[in-house]
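Structure provided below as structure tokens; questions to follow.
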Amino acid sequence: MTAAAAPGPGLLTRWRMASRPATLTASVAPVLVGTGLAIGRDSFSALPAFAALGGAMALQIGANFANDVFDFQRGADTADRLGPTRVTQTGLLTPGQVKGGMVAAFALAMLLGVYLVVVAGWPIIAVGLASILAAVVYTGGPWPTGYHALGDLFTFVFFGLVAVSGTYYVQAKDLPLATLLASIPMGCTVTAILVINNLRDIETDRKAGKHTLGVVMGEAATRGWYVFMVAAAYVVAIAMWPLGEAGPGVLLVLLSLPLALPLLRAVTGGTTGRALNLSLKGTASLTFVLGVLFAVGLALS
């Protein structure tokens, strides 16, 4: 007699896998930083802050669904994939189901956006539509940005500049220089997550014709790019104090160095393949912890 096949994951588990909750630190941390800045400048408003948080998370989940299905349809996700499980490639969900989830996530983001438009005005419409478009064309459409070495730029802009500045704007209704400076550390650390992902997948992406910045730059330069992104996050966050845009509380970001240093050693030490999945998770954790510390430091300014 043959053993019965082990049951597959349940439907809710499949959708959780598709949403990739471990990556959501990339959308949460920038909103916390924008809110911390608003608190420090006596402009905090709870409902807009929570709406911005919900909208950012919905946008990222929608983007995760889009990447899952479009990467599969373009042949970038195969059985040779080194990263975490993709539900479309493994058949856990159909392309139609994942596209439906993508539409639902973006619809939720738009619903929250309607409230933010009422609160902060018409500029939020442009920001919201641009964010949805960027999430879709990253891997979808006739010219996906993630396949043409533009993923890092789009990640920096939308998870850094747009997320932090947008969160502050819906609460304070203005955009001081501090919002630009505060967005850079978040843009850098979230982009560092993508850099690790691209470093791990250089060979498989090259075979699939996916020209990420990692493929274009090569392995050695990609490792250096990761170091630069992490270092820049600390330098800019701390520099806000001597520049007069924040108080000494921003030095709290240094408490996250015990998380950053092992990651830097792993990347510069030549870690490759699936072993980089630990660095990927670690960079996501660093993004969240640094973001929380930075937000608290800005709130105390």
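The values are calculated or read from the model by the stated rules, or taken from the named source; none is laboratory data. Being a predicted model, the structure only gives us computed values, none of them experimental. All Cβ positions, even for glycine, are placed from backbone atoms using ideal geometry, and neighbour counts span all protein chains on display. Calculation scope for accessible area: heavy atoms of the full protein, side chains included, ligands and nucleic acids excluded. Shrake-Rupley method; radii C 1.70, N 1.55, O 1.52, S 1.80 Å.
When you go through (1) more than 13 Å from N197 (Cβ to Cβ); (2) open to solvent by 70 Å² or more (accessible area, probe 1.4 Å) one by one for R274, which number turns out not to apply?
(1)
Can you tell me which residues in the stretch 49-80 are in contact with an Asp or Glu (Cβ under 6 Å, 6 or more places away or on another chain) and open to solvent by 70 Å² or more (accessible area, probe 1.4 Å)?
Of everything in the stretch 49-80, nothing turns out to be in contact with an Asp or Glu (Cβ under 6 Å, 6 or more places away or on another chain) and open to solvent by 70 Å² or more (accessible area, probe 1.4 Å).
Please give the number of the condition G270 fails out of (1) more than 17 Å from G83 (Cβ to Cβ); (2) in a helix (DSSP H, G or I); (3) modelled with pLDDT under 95.
For G270, the failing item is (2).
Go through (1) open to solvent by less than 40 Å² (accessible area, probe 1.4 Å); (2) of a type in the set (G, A, S); (3) assigned to a helix (DSSP H, G or I) for G83 and report which single condition fails.
So the condition that G83 fails would be (3).
I'd like the full set of residues that are buried (at least 19 other Cβ atoms within 10 Å of the Cβ), without any contact (Cβ under 8 Å) to a residue 40 or more places away in the chain and not hydroxyl-bearing (S, T, Y), limited to the stretch 203-224.
Within the stretch 203-224, G214, M217 qualify.
Criterion first (touching a Phe, Trp or Tyr at 6+ places or on another chain (Cβ under 7 Å) and among the hydrophobic types (A, V, I, L, M, F, W, C)) does V190 satisfy it?
Yes; evaluated as a whole, the condition is true for this residue.
Follow-up. Of all residues in the stretch 86-114, which are among the small types (G, A, S) and in a loop (DSSP other than H, G, I, E, B)?
G91
Further question on the same structure: From the list L181, L161, pick out the single residue that is farther than 24 Å from D71 by Cα, out of contact with any Ser or Thr (no Cβ under 9 Å at 6 or more places or on another chain), at pLDDT 95 or above and among the aliphatic types (A, V, I, L, M).
After applying the criteria, what remains is L181.
Under the condition of being touching a residue at least 12 places away in the same chain (Cβ under 8 Å) and open to solvent by 10 Å² or more (accessible area, probe 1.4 Å), which residue from the stretch 230-246 is farthest from F294 (Cα to Cα)?
By that ranking, first place goes to L243.
If A46 satisfies every condition in (1) open to solvent by less than 50 Å² (accessible area, probe 1.4 Å); (2) among the small types (G, A, S); (3) farther than 19 Å from A299 by Cβ; (4) free of Cβ contacts under 8 Å to residues at least 24 places away in the same chain but one, which is the exception?
(3)
Can G8 be described as touching a Leu at 6+ places or on another chain (Cβ under 8 Å), open to solvent by 20 Å² or more (accessible area, probe 1.4 Å) and outside any helix (DSSP H, G or I)?
Yes: the conditions hold for G8.
Is it the case that A104 is on the phi > 0 side of the Ramachandran plot, of a type outside the set (F, W, Y) and surrounded by 13 or more Cβ atoms within 10 Å (Cβ to Cβ)?
Here the answer is no, as A104 does not meet what is asked.
Quick check on my filter: what residues within the stretch 250-276 are of a type outside the set (A, V, I, L, M, F, W, C) and touching a residue at least 60 places away in the same chain (Cβ under 8 Å)?
Those that are of a type outside the set (A, V, I, L, M, F, W, C) and touching a residue at least 60 places away in the same chain (Cβ under 8 Å): T272, G273, R274.
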